[in-house]
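*Asks:* Sharing a structure with you now.
The values are calculated or read from the model by the stated rules, or taken from the named source; none is laboratory data. These figures come from a predicted structure and were not determined experimentally. Positions of Cβ are generated from backbone atoms using ideal geometry, with glycine treated the same way; all protein chains shown enter the neighbour counts.
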Amino acid sequence: MSAAPREFAREMGRANPGRYRPTHRRTTRSPTRNHAVVIGASMAGLLAARVLSETYDRVTVLDRDTWADRPEPRGGVPHGRHAHGLLARGREVLDKLFPGLTDHLVRDGAVVGDLQGQVRWYFASGSLAPSVSGLRGLAVSRPALEHEVRRRVGALRGVTIESGWVVRDLLADPTRGRIAGVKVAAVGSDGPPRRIAADLVVDASGRNSHSPDWLRTLGYPAPKEEKIRVDVSYATRHFRWEPGSAGDALAVIVAASADSAQGGAMIRQEGDRWILTLGGYHGERAPLELAGFRTWAARQAPEFGAVASRAEPLDEGHYFRFPASTRLRYERLRRFPEAFVVMGDAVCSFNPVYGQGMTVAAAEALALRSCLANGVERLGPRFFAAIRPIVDVPWQIAAGADLALPGTPGRPPLRLRLINRYVERLQRAARDDTELAEAFLRVANLKAAPPSLMRPGRMLRVLRKGSGRRPAPSRATRPAGRRTPIPAVDTEASGR
Ligand SMILES: Cc1cc2nc3c(=O)[nH]c(=O)nc-3n(C[C@H](O)[C@H](O)[C@H](O)COP(=O)(O)OP(=O)(O)OC[C@H]3O[C@@H](n4cnc5c(N)ncnc54)[C@H](O)[C@@H]3O)c2cc1C
């Protein structure tokens with residue numbers, strides 16, 4: 001046995017490396033829990049397959065894309081080439097679903113660290129006060145994370161991941177009250193689609209999901225779509241990481257604001273690399289060519305400037321366009337077929353201001369598991385009701401930030417304007433109030449509900465400390481580490 005499978009087997013707590021068997025007991029299965037089909041083998045689809053494997057005999061995950069057997073960006077997930085990090089809640093859920101995942105990735109070069117102590121968060125009013133919060137996120141490239149999750153899901157009993165198959169339509173039973181499978185075709189083939197029967201279909205095909213059209217064709221109403229046009233262009237390059245660069249930060253995040261339609265994220269990656277993504281809104285676009293990229297980066301944050309100008313560039317860079325944050329209100333539909341669920345970006349794809357998408361997908365997978373524990377009847381509507389509060393928070397945060405930008409069409413509703421105003425004040429107060437900074441990050445990490453920010457003591461401090469009109473120094477001139485320096489990377493946890 002080679003080292004890798006042995007290590008894998010040890011992590012899974014069993015001798016046979018080939019198949020990971022869940023440690024929990026399967027629940028008694030009704031005759032309608034034989035076969036589940038998942039559309040999309042990206043993060044949401046893989047996590048869905050993980051929980052479905054607990055109660056379905058067979059789970060087939062279909063993806064139109066193909067991939068190498070190593071961590072590499074792939075065409076079906078073009079956003080995977082751009083800065084991704086995993087928030088604390090997402091990391092915790094993934095570690096529960098895949099025991100030992102964080103440790104495994106850290107051994108391969110990913111870095112785990114404190115999201116307040118080792119990440120610098122810049123807002124229009126300044127940076128959040130650093131402190132040790134216990135919120136531990138994971139800095140790992142998206143291809144590496146997806147590769148390891150896919151490897152583990154593919155090893156689950158009963159799970160098959162099929163690449164190169166595009167799902168063209170849903171199959172319904174004769175009453176059209178129940179989804180009975182999918183129609184698929186091999187990518188590039190002109191022949192008639194094949195039919196795959198299923199007792200449950202989960203659509204995790206991302207932001208371009210065809211579910212609204214498929215539902216319409218079957219005589220169901222399509223969900224109402226909420227869209228916020230932001231027209232963001234992301235420009236991303238990789239640079240060599242050196243000890244001490246960017247003050248040993250794990251990541252540096254710059255949020256766009258009413259004053260600046262530019263933002264970005266710089267995150268440590270395995271292989272001693274930085275990934276630096278620069279975002280420009282409403283037609284602004286950072287140049288990929290090195291000199292222009294450096295100038296743009298330096299305007300954003302001192303750490304961006306330092307890395308872009310001094311560190312060794314490792315690639316020529318890539319662009320990605322994110323036209324709009326989009327939310328489909330499935331939970332409001334009065335009629336919805338049995339045996340069908342939509343999740344992940346196919347329900348809500350928001351501007352990744354705080355990098356919440358994979359954490360939302362993880363929380364949704366747990367919601368799917370809870371809904372299945374209560375049976376399969378009306379699974380879709382029960383699931384959409386369960387994920388509504390999960391999606392609400394990041395949607396409001398992203399929508400609030402998007403709508404505050406000059407150039408975003410649409411006036412924010414009064415409620416959102418009030419929330420925005422409060423969050424702005426909170427961020428200002430949190431420049432030197434570590435407790436407020438942590439409370440804010442707990443909400444952004446989906447570890448606490450937004451009302452926690454309105455507790456009387458906190459509210460008072462927000463109103464008292466956050467009302468100053470004094471303009472903050474520009475990000476580029478603000479010295480890094482003006483207050484408490486960022487603590488050194490946790491060497492034990494980071495494996496260094
Ligand atoms: C620039 C950017 C940065 C981001 N940064 C972060 C971050 O830091 N942290 C974070 O948590 N999230 C981040 N996100 C969000 C995150 O990438 C997504 O929320 C997450 O990938 C979940 O997506 P998904 O699995 O629902 O869909 P996707 O990742 O879009 O995957 C959809 C899959 O479905 C397949 N597919 C599509 N149609 C079909 C079909 N008809 N038949 C078969 N297969 C099909 C595709 O090939 C693909 O594999 C970021 C997003 C962007 C755009």
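*Asks:* Please find, among Glu289, Glu270, Glu284, the residue that is in contact (Cβ under 8 Å) with a residue 40 or more places away in the chain, over 18 Å from Val119 (Cβ atoms) and not small (Gly, Ala, Ser).
*Replies:* Glu284
*Asks:* Is region 388-396 home to any residue that is in contact with a Ser or Thr (Cβ under 8 Å, 6 or more places away or on another chain), more than 16 Å from the ligand (Cβ to nearest atom) and basic (Lys, Arg)?
*Replies:* No, because not a single residue in region 388-396 is in contact with a Ser or Thr (Cβ under 8 Å, 6 or more places away or on another chain), more than 16 Å from the ligand (Cβ to nearest atom) and basic (Lys, Arg).
One line per residue, one yes/no per condition, for (1) modelled with pLDDT under 95; (2) within 14 Å of the ligand (Cβ to nearest atom); (3) touching a Pro at 6+ places or on another chain (Cβ under 6 Å):
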residue	(1), (2), (3)
Thr326	no, yes, no
Arg332	no, no, no
Cys348	no, yes, no
Gln356	yes, yes, yes
Glu364	no, yes, no
Leu368	no, yes, no
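Residues are listed down the side, and each one gets a yes or a no for (1) over 20 Å from Ala144 (Cα atoms); (2) charged (D, E, K, R); (3) touching a Lys or Arg at 6+ places or on another chain (Cβ under 6 Å):
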| position | (1), (2), (3) |
| --- | --- |
| Ala246 | yes, no, no |
| Ala249 | yes, no, yes |
| Ser257 | yes, no, no |
| Ile275 | no, no, no |
| Gly280 | yes, no, no |
| Glu303 | yes, yes, no |
| Val307 | yes, no, no |
| Arg310 | yes, yes, no |
| Gly317 | no, no, yes |
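*Asks:* Another question, then. Test Ser127 against the criterion of being away from the ligand (no atom under 16 Å from the Cβ) and surrounded by 24 or more Cβ atoms within 10 Å (Cβ to Cβ), and give yes or no.
*Replies:* yes
*Asks:* Restricting to region 234-244, name every residue that is touching a residue at least 60 places away in the same chain (Cβ under 8 Å) and surrounded by fewer than 18 Cβ atoms within 10 Å (Cβ to Cβ).
*Replies:* Arg240, Glu242
*Asks:* Something else about it: Looking at (1) buried (at least 20 other Cβ atoms within 10 Å of the Cβ); (2) more than 20 Å from Tyr56 (Cβ to Cβ); (3) under 19 Å from the mean Cα position of the chain (by Cα), can you tell me which one Trp214 breaks?
*Replies:* Only one criterion in (1) buried (at least 20 other Cβ atoms within 10 Å of the Cβ); (2) more than 20 Å from Tyr56 (Cβ to Cβ); (3) under 19 Å from the mean Cα position of the chain (by Cα) is unmet by Trp214, namely (3).
*Asks:* Right, something else. Those residues that are closer than 14 Å to Glu424 by Cβ and either surrounded by 24 or more Cβ atoms within 10 Å (Cβ to Cβ) or among the hydroxyl-bearing types (Ser, Thr, Tyr) (or both), I need them from region 109-124; list them, please.
*Replies:* Passing the criteria: Tyr122, Phe123.
*Asks:* Considering only region 465-479, I want to know if a residue exists there that is surrounded by fewer than 17 Cβ atoms within 10 Å (Cβ to Cβ), in a loop (DSSP other than H, G, I, E, B) and modelled with pLDDT of 90 or more.
*Replies:* no
*Asks:* Also, quick follow-up: Restricting to region 52-86, and then to whatever is of a type in the set (Asp, Glu) and within 30 Å of Val111 (Cβ to Cβ), can you tell me which residue is farthest from the ligand (Cβ to nearest atom)?
*Replies:* The extreme case among them is Asp69.
*Asks:* Checking the structure you have, find out if any residue of region 486-496 is at pLDDT 90 or above and among the polar types (S, T, N, Q). Write out each step before concluding.
*Replies:* First, pick out the residues of region 486-496 that are at pLDDT 90 or above: none.
Within region 486-496, not a single residue is at pLDDT 90 or above and among the polar types (S, T, N, Q).
*Asks:* Quick one: how many residues across region 59-83 are polar (S, T, N, Q) and surrounded by fewer than 20 Cβ atoms within 10 Å (Cβ to Cβ)?
*Replies:* Narrowing region 59-83 to residues polar (S, T, N, Q): 60, 66.
After this cut, where a residue has to be surrounded by fewer than 20 Cβ atoms within 10 Å (Cβ to Cβ) as well, the list is 66.
Matching residues across region 59-83 total 1.
Quick grid of which residues meet (1) in a loop (DSSP other than H, G, I, E, B); (2) among the small types (Gly, Ala, Ser); (3) at pLDDT below 95:
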{"site": "Thr32", "(1), (2), (3)": "yes, no, yes"}
{"site": "Val37", "(1), (2), (3)": "no, no, no"}
{"site": "Ala48", "(1), (2), (3)": "no, yes, no"}
{"site": "Asp69", "(1), (2), (3)": "yes, no, yes"}
{"site": "Gly90", "(1), (2), (3)": "no, yes, no"}
{"site": "Leu94", "(1), (2), (3)": "no, no, no"}
{"site": "Asp103", "(1), (2), (3)": "no, no, no"}
{"site": "Trp121", "(1), (2), (3)": "no, no, no"}
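*Asks:* Being under 26 Å from His147 (Cβ atoms), surrounded by fewer than 22 Cβ atoms within 10 Å (Cβ to Cβ) and either out of contact with any Gly (no Cβ under 8 Å at 6 or more places or on another chain) or among the charged types (D, E, K, R) (or both): is that true of Leu97 here?
*Replies:* For Leu97, the condition - under 26 Å from His147 (Cβ atoms), surrounded by fewer than 22 Cβ atoms within 10 Å (Cβ to Cβ) and either out of contact with any Gly (no Cβ under 8 Å at 6 or more places or on another chain) or among the charged types (D, E, K, R) (or both) - is met.
*Asks:* Taking region 189-209, which residues are at pLDDT 95 or above, more than 11 Å from the ligand (Cβ to nearest atom) and assigned to a loop (DSSP other than H, G, I, E, B)?
*Replies:* Within region 189-209, Ala198, Asp199 meet the criteria.
*Asks:* Within the set of pairs 6 or more residues apart or between chains, which connect a residue that is touching a residue at least 12 places away in the same chain (Cβ under 8 Å) inside region 131-154 to a residue that is part of a loop (DSSP other than H, G, I, E, B) and of a type in the set (Phe, Trp, Tyr) with Cβ atoms less than 7 Å apart?
*Replies:* Within 7 Å, the pairs are Val149/Phe98; Arg152/Phe98.
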